[in-house]
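One structure below.
The values are calculated or read from the model by the stated rules, or taken from the named source; none is laboratory data. What you see is a predicted model, and the numbers here were worked out from it, not measured in a lab. Don't worry about glycine lacking a Cβ; one is built from the backbone with ideal geometry, like all the others, and counts go over all protein chains shown.
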Amino acid sequence: MTVLASVTMGAEGTGLYDGAYARSSEELYAAIRREAFGKDIGQFSWLTVEEYATFADWLAIDAQSNVLEVACGTGGPALFLAGRTGCRVTGVDLHEAGVTAGSARAEELGLADRARFVQADARSPLPFDDASFDAVICIDAWNHFDGREAVLREWFRVLRPGGGLLFTDPTVVTGMLRREEIVARSGSMGEFVFTPAGVDEQLVGDADFVDIRVEDATPNMWEVPRRWRGAREQHRAELDEIEGREANEAFQDFLEVVETLARERRLSRIAILARRP
Ligand SMILES: C[S@@+](CC[C@H](N)C(=O)[O-])C[C@H]1O[C@@H](n2cnc3c(N)ncnc32)[C@H](O)[C@@H]1O
């Protein structure tokens, strides 16, 4: 997580690629992120803007919606959503630094009246009233939650009847995995749960959600790391200097494992859409 954080916190849209020696490390990371993600919205996942816009459309989010984004990271996607649709959004994340960054960015973007960020553990009762949200979104963080029945119970509780749930699970086991691959994919990332195919949708059904739809979202999990690793490879010397050779190589190896496991369909990424009746 430390390595990931250090390479993903570049600010959106800072600077242009204008030669290695004139560039600050912030500009370098921003340029790398643009190559990896296309549009950099401060995502800390395998999410692209196109995918997020699709998810928002599935949930029919508009200016009247009140949205909860669970495990929002530094709030980039949530703020993008608020800016794009005019919705109100609340982001929660386990890490204080993430929600602090989200609040600061909301102020900068003039979105503080519609976007708030709260520190909370998704595995515990959420600090929100029953039926207070029209939609709950959680991108690429489900794999950090154990006790999923309780997590789903809370999402059900805070959703209004008819409200929509959308989450992605980036570590669905759909093939054979070697021990080293499992460690490389999950090491140093805190709580981490790999899920056998079919279990997530079963849990969602058991939690009384209806209209459950499962979509394959795996291609982003090979495209984003492929582009990210390629962009970083172009700047290997600079990154060695900034991050240290060992950390640079470790992150490149991580990206390679993510890409390979996804491309070979041994680990899949799914998006689950469901509704509270
Ligand atoms: C891969 S990042 C995804 C962040 C964001 N959803 C995005 O797409 O940019 C996973 C996030 O899950 C958060 N997280 C992990 N465990 C959590 C928990 N128990 N409760 C809330 N957030 C958690 C981490 O702090 C991190 O911000």
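Numerical summary
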quantity: Single residue of the stretch 32-50 satisfying the filter (more than 22 Å from residue 114 (Cα to Cα) and crowded, with 21+ Cβ neighbours inside 10 Å) that is nearest to the ligand (Cβ to nearest atom); calculated: 45
quantity: Condition broken by residue 188, with the remaining ones in (1) of a type in the set (S, T, N, Q); (2) at pLDDT below 95; (3) buried (at least 19 other Cβ atoms within 10 Å of the Cβ) satisfied; calculated: (3)
quantity: Helices (runs of 4 or more DSSP H) contained in the stretch 181-252 and holding at least 3 residues within 16 Å of the ligand (Cβ to nearest atom) and in contact (Cβ under 8 Å) with a residue 24 or more places away in the chain; calculated: 219-234
quantity: Members of the stretch 128-142 found to be away from the ligand (no atom under 14 Å from the Cβ) and surrounded by fewer than 20 Cβ atoms within 10 Å (Cβ to Cβ), listed by number; calculated: 129, 130, 131, 132
quantity: Complete set of residues in the stretch 143-170 that are of a type outside the set (A, V, I, L, M), surrounded by 22 or more Cβ atoms within 10 Å (Cβ to Cβ), more than 11 Å from the ligand (Cβ to nearest atom) and not in a helix (DSSP H, G or I); calculated: 163, 164, 169
quantity: Filter result for residue 140 (on the phi > 0 side of the Ramachandran plot and either of a type in the set (Asp, Glu) or touching a Gly at 6+ places or on another chain (Cβ under 7 Å) (or both)); calculated: yes
